[in-house]
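The values are calculated or read from the model by the stated rules, or taken from the named source; none is laboratory data. Bear in mind that the values here come from a model prediction, so they are computed numbers and not experimental data. Here Cβ is always computed from backbone atoms with ideal geometry, including for glycine, and neighbour counts include all displayed protein chains.
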Amino acid sequence: MKMLKNKEVVFELTNKCAYHCTICPREKMTRDQGVMSMELYKKIIDEAIPRGLKFVTLLGFGEPMLDKYFLDRVRYAKEKGLSVSTDTTGYLLKEKLSEELINLKMDSIRFSCFSTTKEIYQKLHNLNTFDLAIQRINKLIELKNKYNSIYPKTGVYFVRQDLNKHQTEDFINYWKDRVDEVNVWEAHNWTDALELRSKNYKRKKTCGRPHSGPLQVRYDGKISACCFDFNSQLITGDLSKQSLDEIENNPNNINLKKAHSTGDMSKYSMCDNCDQMYEVPNTLYYTNSNDNKVGTSGNTYIPFDEEINNKKNETVSKS
Ligand code: SF4
Ligand code: SF4
């Protein structure tokens with residue numbers, strides 16, 4: 001039995017979303033849209049735990065909190081002793097849900113928010129939810145303080161584009177003392193779906209993902225080799241019909257890994273044209289986290305409580 005890379009499974013609970021963000025490739029997504037069944041979610045977790053699963057990320061090409069089972073997913077994973085993280089815009093994070101997530105000791109929530117003003121938020125996210133999203137993120141922070149809880153770790157991230165670049169400093173200043181982590185990224189192309197950055201840099205042999213990325217499960221159970229694969233073109237198996245062992249030995253998986261070992265992408269036009277194959281400098285414009293690194297594939301996840309303990313120990317040994 002082969003162990004999971006990174007000890008992590010990324011679940012696309014749904015690929016439905018009310019937003020139309022300018023940096024998102026969803027507008028070019030032609031595959032069906034749906035929500036993962038609870039039965040499939042549990043089956044995958046149960047199968048992955050003996051292979052070393054420690055960390056579940058609820059993240060895909062949709063808004064995870066649109067899934068009516070979102071809280072049940074967090075609860076199930078926490079009951080199994082796993083760390084749980086999600087990415088969201090936050091507008092659906094009602095007070096009651098925040099309280100439940102604090103109670104469950106959900107490990108981490110990262111909020112995407114690309115502006116400091118209502119007008120530019122609407123232009124970049126294409127939804128008039130700025131006030132609601134900011135209010136609900138701040139309510140979670142308030143509740144954490146009220147209950148004196150470190151859970152969930154909170155982060156916000158900003159993706160720099162022509163319309164919001166001038167707000168970068170304001171964004172950092174607004175959030176840096178409110179949340180645990182602030183990150184500012186430069187926009188990228190989602191392989192070749194968008195044209196937000198140049199590929200005029202040295203080409204690499206591989207982006208690293210097929211060899212060392214976490215297990216990426218789409219809402220319908222299909223496994224993709226890549227977190228950027230919005231249209232499910234790099235499918236290596238289907239966990240609604242196959243086991244993890246069968247997928248590991250699937251020729252699609254083996255052949256894609258071979259291409260990424262040799263650098264010969266002639267049979268994979270998506271990889272051949274992908275902006276992740278270039279050594280683009282300074283993609284992470286700002287972070288206040290010591291642990292954050294560009295290209296997280298291959299990093300080992302540190303559970304949040306362990307991270308806090310490590311920091312406490314560092315402080316003690318320095319004093
Ligand atoms: S909220 Fe996320 S999934 Fe939805 S359009 Fe924006 S980036 Fe895409
Ligand atoms: S080269 Fe691009 S499309 Fe191919 S696996 Fe890497 S990130 Fe994904």
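Within the range 34-50, if we keep just the residues that are touching a residue at least 60 places away in the same chain (Cβ under 8 Å) and out of contact with any strand residue (DSSP E or B) (no Cβ under 9 Å at 6 or more places or on another chain), the residue that is farthest from ligand 1 (Cβ to nearest atom) turns out to be E47. Where strands (runs of 3 or more DSSP E) fall entirely within the range 152-229, those with at least 1 residues that are more than 23 Å from N288 (Cβ to Cβ) are at 215-217, 222-224.
Just one of the numbered conditions (1) modelled with pLDDT of 95 or more; (2) buried (at least 19 other Cβ atoms within 10 Å of the Cβ); (3) out of contact with any strand residue (DSSP E or B) (no Cβ under 6 Å at 6 or more places or on another chain) is not true of G213: (1). Does T206 satisfy the criteria of being within 16 Å of ligand 1 (Cβ to nearest atom), more than 16 Å from V9 (Cβ to Cβ) and touching a helix residue (DSSP H, G or I) at 6+ places or on another chain (Cβ under 6 Å)? Criteria not met by T206. Scan the range 1-58 for residues that are within 16 Å of ligand 2 (Cβ to nearest atom) and more than 26 Å from L132 (Cβ to Cβ) and the total you get is 5.
Keeping to the range 10-34, report how many residues are more than 17 Å from the chain's Cα centre (by Cα) and among the β-branched types (V, I, T). So that I can check it myself, show each step before the final result.
First, the residues of the range 10-34 that are more than 17 Å from the chain's Cα centre (by Cα): 18, 20, 22, 27-34.
In the following step, the residues that additionally are among the β-branched types (V, I, T) were identified as 22, 30.
Total satisfying the criteria: 2.
Taking first residues from the range 107-119 that are within 16 Å of R178 (Cβ to Cβ) and partners that are of a type in the set (D, E, K, R) and not in a strand (DSSP E or B), the Cβ contacts under 7 Å between residues at least 6 apart in sequence or on separate chains come to T116/D170. Residues that are over 14 Å from L101 (Cβ atoms), buried (at least 21 other Cβ atoms within 10 Å of the Cβ) and more than 16 Å from ligand 1 (Cβ to nearest atom) within the range 61-87 comprise just one, L82. Restricting attention to the range 7-26 and to residues that are closer than 26 Å to L244 by Cβ and not acidic (D, E), the residue that is nearest to ligand 1 (Cβ to nearest atom) turns out to be N15. Name the residues in the range 19-33 that are surrounded by fewer than 15 Cβ atoms within 10 Å (Cβ to Cβ) and either under 16 Å from N6 (Cβ atoms) or in contact with a strand residue (DSSP E or B) (Cβ under 8 Å, 6 or more places away or on another chain) (or both), would you? Hit for the range 19-33 is Q33, nothing else. Before we move on, is L244 of a type in the set (A, V, I, L, M, F, W, C) and away from ligand 2 (no atom under 15 Å from the Cβ)? For L244, the condition - of a type in the set (A, V, I, L, M, F, W, C) and away from ligand 2 (no atom under 15 Å from the Cβ) - is met.
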